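What follows is a set of notes on a single structure, which appears directly below.
The values are calculated or read from the model by the stated rules, or taken from the named source; none is laboratory data. As the structure is a computational prediction, the values presented were derived from the model and not from experiment. Note: ideal-geometry Cβ built from the backbone for every residue, glycine included; neighbour counts use all protein chains shown. The accessibility values were calculated without ligands, DNA or RNA, using every heavy atom of the protein model including side chains. Shrake-Rupley method; radii C 1.70, N 1.55, O 1.52, S 1.80 Å.
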Amino acid sequence: MVRELSDRLKRIPSVEHILNQPEVVAMLEAVPRRVVVDVIRRRLDEYRNKIKISKKEAPEIKKTDLVKEIVEEIKDFSGPSLTRAINGLGVILHTGLGRAPLSPAAKEALQVVSEFYSNLAIDKEAGRRAERYRHVERLLNIITGAEAACVVNNNAAATLLVLDTLAKGREVIVSRGHLIEIGGSFRIPEIMAKSGAIMVEVGTTNRTHLRDYQNAIGPNTAALLKVHTSNYKIVGFVAEVSLPDLVQLAREKNLVMIDDLGSGALIDLSRYGLPKEPTVQDSIQAGADIVCFSGDKLIGGPQAGIIVGRKRYIDPIKKNPLTRAMRCCKLTYAALEATLRLFLDEKKLFNENTTLGLITKDPVTIKEEASSFAEQLRSNLGTKLTVTVREDLSEVGGGSLATESLPTTVVAIIPKAVKVQELAYRLRNYKIPIFGRVTEHQYLLDFRTIRKDEGSIILAALKDCL
Ligand SMILES: *Cc1c(COP(=O)(O)O)cnc(C)c1O
């Protein structure tokens, strides 16, 4: 038994041996030697440990397979890991695909600020250090009507920070209908616990009344928290207390009214035929003391957590040491400022803000683009696949307008010689990864989220993959 184990371990090839295999030698042209050596060493260690732990059971891997696996892994290093991708899923704010595509204005700002020095945190007049918030604070004041603003890494950080600053060791009252979980493990009860605030749940999942909040207020209560139920909807026998009513109660009892808006709409999308999302302006106007929201959801900007509200609460948030730990870099400020500026002129907004442009993209245009792509596919690849064009639904995604679907057109592809899943795999692994919806028998490309110039890339990819 022991003998057998040591024999097996001895049969594992050496790093040097693998390094001299022709397939591996060929990789050395595109990938630095230290990377190649590291991949081989780790893979061999892994294999060795597997044998040691499982003794006899671990199946022996053929050397050729081992080399193949190693070469595949080395290939990942021949180009950047983070690359452009094509979104054929029709989910506009897809966290896996980087959420909001930025506007051209943001791209320009990023280019300048990334390459050169900037006045990020220096006051030109006084020549002294200055707050970096100032690049967006006035804009946020003007757009939302709030007195003050600050920005951190994302809205999860913003929520944590707000609670830590204003309610640590004290009670925060929240409706059971608002105890949400957002993808990527953001959960209100856990954020609350981390912040050191004491969560007091009131009401039930479907119904919470003003008296529930009233009855829960005690000498140690610091705040009332309202949370936007971003990614789900409860319908039927439901009741929720309006923000103005909560604000009035908070005022009477000298509590802070905190509103976690999530998606952070800065314009009323119902004017464009979409359902009414509460806007940040609505919330400030209703009297919320603190409103926090994401930069990369309905605003269409970079990942950021934006906090706006009363100066007397924002000031201590800015001074909290945690804020320093959640500080954004110059790239975020450049992209966020450029994105926010677009909201100053609503006439141009939908042309210039890429995300909002996609949300309001005309179904007729989508249909034309899909049909013309389908035509190209038929004439170029008609022997290898069948194509149909049909109406379907897109999603906003990213916990925004959760239950709303947008009319769209998809191109449905049925490959003749390979399985749909295999086609999807090959397209995902194309040099520009392409993501489409996979159903049992069809591969769907939603033309709401596919850009004009991407049709030719997808065509080339399909030629390659089939
Ligand atoms: C999305 C969301 C968050 C988390 O925001 P991130 O910017 O993704 O960290 C928090 N609260 C609500 C209500 C949300 O919708």
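Sorted from largest to smallest, which semi-axis lengths in Å does the alpha carbon gyration tensor of the chain give for its equivalent ellipsoid, taking the root of 5 times each eigenvalue?
Values: eigenvalues 414, 190, 123 Å².
For the chain, the semi-axes come out at 46, 31, 25 Å.
What does the net charge come to around residue 45 if you take all other residues with beta carbon closer than 11 Å to its beta carbon, with K and R at +1 and D and E at -1? Provide the component values of the computation, followed by the final result.
On the way: positive: 41, 42, 43, 48, 50, 52; negative: 38, 46.
So the surrounding residues net to +4.
Given a 1.4 Å probe, how much area per residue of the chain is accessible, in Å²?
Details: 23590 Å² over 466 residues.
Computed with neighbouring chains in place, this is 51 Å² per residue.
Hey, could you get me the Stokes-Einstein D for segment 330-400, Kirkwood radius over alpha-carbon pairs, 20 °C and 1.002 mPa s, rounded to whole µm² s⁻¹?
Details: Rh = 15.3 Å.
It comes out at roughly 140 µm²/s.
Explain nothing, just the number: dipole magnitude of segment 62-125 about its Cα centre with +1 on each Lys and Arg Cβ and -1 on each Asp and Glu Cβ, in debye rounded to the nearest 20. If you can, show how the numbers build up before the last one.
On the way: 8 positive and 9 negative charges, 64 e Å.
Dipole about the Cα centre, nearest 20: 300 debye.
I need the peptides 240-249, 125-134 ranked by packing, meaning the mean over residues of other C-beta atoms within 10 angstrom, with the highest value on top. Provide the component values of the computation, followed by the final result.
Numbers: 240-249: 17.4, 125-134: 12.3.
Packing order, densest peptide first, comes out as 240-249, 125-134.
Quick one: net charge around residue 423, please, counting Lys, Arg +1 and Asp, Glu -1 for every other residue with C-beta under 15 Å from its C-beta. Before the final figure, lay out each step's value.
Details: positive: 384, 416, 419, 426, 428, 437, 463; negative: 422, 440, 464.
For residues surrounding residue 423, the net value is +4.
Please report how far the C-alpha centroid of segment 437-463 lies from that of segment 376-418, rounded to the nearest whole angstrom.
7 Å
Given 0.36 nm per residue, what is the gain on full extension from residue 404 to residue 233 after removing their alpha carbon distance, in nm? Could the numbers behind the result be given before it?
Numbers: separation 171, 0.36 × 171 = 61.56 nm, distance 1.03 nm.
Computed gain between residue 404 and residue 233 is 60.5 nm.
State the dimensionless ratio Rg/Rh of segment 280-408 (Rg: radius of gyration of Cα atoms; Rh: Kirkwood radius).
On the way: Rg = 20.7 Å, Rh = 18.2 Å.
We get a ratio of 1.14 for segment 280-408.
What is the antiparallel percent of DSSP beta bridges lying wholly in segment 97-248, to the nearest 5? Mind dumping the intermediate values first?
Working: 3 of 13 bridges.
Beta bridges within segment 97-248, antiparallel portion: roughly 25 percent.
Under a Cβ-Cβ cut-off of 11 Å, what is the net charge of the residues other than residue 354 that fall near it, where Lys and Arg count +1 and Asp and Glu count -1? Kindly include the intermediate steps, with their values, before the conclusion.
Values: positive: 107, 361, 451; negative: 352.
Once all neighbours under 11 Å are counted, the net charge is +2.
Give me the percent of DSSP beta bridges within the chain that run antiparallel, rounded to the nearest 5. Kindly include the intermediate steps, with their values, before the conclusion.
Details: 31 of 56 bridges.
So the antiparallel bridges amount to about 55 percent of the total.
Using the Kirkwood radius over C-alpha pairs as Rh, can you work out the diffusion coefficient of segment 287-350 via Stokes-Einstein at 37 °C, viscosity 0.692 mPa s, in µm² per second? Mind showing how you got there, number by number?
Working: Rh = 13.1 Å.
Value of D from the Cα-based Kirkwood radius: 250 µm²/s.
Relative contact order, percent, of the chain when contacts are C-alpha pairs under 8 Å separated by at least 6 residues?
Working: 802 pairs, mean separation 88.0, N = 466.
Once divided by the residue count of the chain, the mean separation gives 19 percent.
Would you work out the charge dipole size for segment 107-237 about its Cα centre, treating the Cβ of every Lys and Arg as +1 and the Cβ of every Asp and Glu as -1, and quote it to the nearest 20 debye? Please report the intermediate quantities before stating the final value.
Values: 16 positive and 13 negative charges, 37 e Å.
The calculation lands at about 180 debye.
How large is the direction-averaged shadow of the alpha-carbon convex hull of segment 149-252, in nm²? Write out the running numbers ahead of the final one.
Numbers: hull surface 27.8 nm².
So the Cα hull casts an average projection of 7.0 nm².
Given the convex hull over the Cα atoms of segment 339-466, what projected area results after averaging over all orientations, in nm²? Don't jump to the answer; show the numbers that get you there.
Values: hull surface 34.9 nm².
For the Cα atoms of segment 339-466, the hull's average projected area reads 8.7 nm².
Which of 59, 106, 140 sits farthest toward the positive end of the charge dipole of segment 57-146, with +1 on the Cβ of Lys and Arg and -1 on the Cβ of Asp and Glu?
Among 59, 106, 140, the one farthest towards the positive end of the dipole of segment 57-146 is 140.
For segment 226-289, report the % of Cα-Cα distances exceeding 15 Å.
Distances greater than 15 Å cover 57 percent of the Cα pairs.
Dipole magnitude of segment 223-351 about its Cα centre, charges +1 at Lys/Arg Cβ and -1 at Asp/Glu Cβ only, in debye to the nearest 20? Show your work: numbers first, answer last.
Numbers: 18 positive and 14 negative charges, 101 e Å.
It comes to approximately 480 debye.
Can you grab the distance from the C-alpha centre of segment 102-158 to the C-alpha centre of segment 22-64, Å, no decimals?
When both Cα centres are located, 47 Å separates them.
Running Debye on segment 63-182 with equal point scatterers at the Cα sites and no solvent, what base-10 log of I(q)/I(0) appears at q = 0.09, 0.13 Å⁻¹?
-0.54, -0.95
What part of the accessible area of segment 190-261, given as a whole %, is carbon or sulfur when the probe is 1.4 angstrom?
Details: 1810 of 3590 Å².
Carbon and sulfur together cover 50 percent of it.
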